[in-house]
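A short write-up of the structure that comes next.
None of the figures in this text is laboratory data; all of them are computed from the coordinates on show. Remember, it's a predicted structure, so these values are computed and weren't measured experimentally. As a convention, Cβ positions derive from the backbone with ideal geometry for all residues, glycine included, and neighbour counts pool all protein chains shown.
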């Protein structure tokens with residue numbers, strides 16, 4: 001009675017139990033920049049391939065050549081050499097690589113973010129929009145990697161991409177929460193992260209470069225818009241799930257009004273902060289930014305999954321929620337309604353439950369052969385239990 005995708009899922013999980021690396025059970029589809037050459041695309045690719053070796057050398061060399069030519073055109077340099085180092089783990093929304101670019105002898109450490117074959121959400125920002133947003137955030141003294149160059153020409157790498165400065169540090173959530181060398185930072189994190197979120201929410205909404213950001217329609221609350229988008233994602237995966245349907249309907253019946261609109265990062269949580277022993281280095285992954293309720297951003301960092309096993313520490317596994325909220329209030333000058341904050345935490349757990357199903361569907365569809373996406377499907381049940389427990393407390 002198992003679908004073929006279920007067999008693949010179980011086998012990939014079995015293989016992954018022997019190593020920390022994800023495994024893929026499918027040849028990589030040939031990218032557009034190689035003209036769909038199947039022979040070339042599958043050269044050197046085994047049936048079961050560790051993700052760090054998934055790209056054959058011939059691909060890697062051609063990518064380096066294409067990037068070298070692109071950077072030379074952007075800088076006017078006569079001598080550019082790009083060396084791809086490795087894919088950066090932890091991001092399921094974009095293909096992200098670290099690379100070194102030697103520009104007229106000056107070596108620069110960069111990161112490339114490129115579109116994947118599929119999207120988590122239809123409303124995710126394009127690479128051009130994310131690049132423009134990073135420029136605005138950088139100019140407003142928000143800690144982000146400096147954006148460098150944008151390429152919307154798909155003939156270069158097969159998909160749009162942009163390059164930004166490499167920022168050293170750790171972003172993997174479980175390491176941020178549990179690494180011994182980072183634990184001394186935990187008492188200070190609520191203040192620093194509250195201040196940075198306040199700076200993001202202070203970015204002017206009338207900036208002409210940000211007109212693409214989605215916002216609630218006239219007379220629509222931010223909560224209603226968020227629920228409409230959650231319904232769309234849930235219906236697209238075509239699963240029957242009474243818990244999620246109940247949760248969405250409860251949230252619809254209890255949706256608060258929106259008293260103030262701000263620029264919402266959309267994924268502000270442990271796992272999207274680059275940190276080092278000296279503190280916060282950068283805030284990353286801006287592709288879900290929109291205009292909405294400030295409570296949404298504050299609550300998202302408190303969702304159960306972002307505690308990375310340290311469940312008792314409500315904010316990101318590193319702090320209680322109230323310390324973080326008070327730090328944000330002090331920096332922003334606004335007072336948050338705790339009941340509305342509770343509501344948005346339920347929304348957050350709900351959204352992640354739906355997103356986990358959507359990520360698993362990307363694997364089962366055959367479009368994204370990633371065991372990371374496959375394994376996320378099981379997390380949905382945990383998030384369903386969490387939002388149902390939070391709703392029960394409100395009854």
Quiz prompt | Solution diffusion estimate, µm²/s, Stokes-Einstein, segment 312-395, Kirkwood Rh from C-alpha pairs, 20 °C, viscosity 1.002 mPa s | solution = 146 µm²/s
Practice problem: Determine the gain in length on full extension of the stretch residue 188-residue 312; use 0.36 nm per residue of separation and subtract their C-alpha separation, reporting nm with one decimal. | Solution: 42.9 nm
Exercise. Just subtract the alpha-carbon distance of residue 179 and residue 389 from 0.36 nm times their residue separation and send over the number in nm, one decimal.
Key: 72.6 nm
Quiz item: Label-point separation (nm) for residue 220 and residue 339, each offset 7 Å from Cα along Cα-to-Cβ?
Solution: 2.6 nm
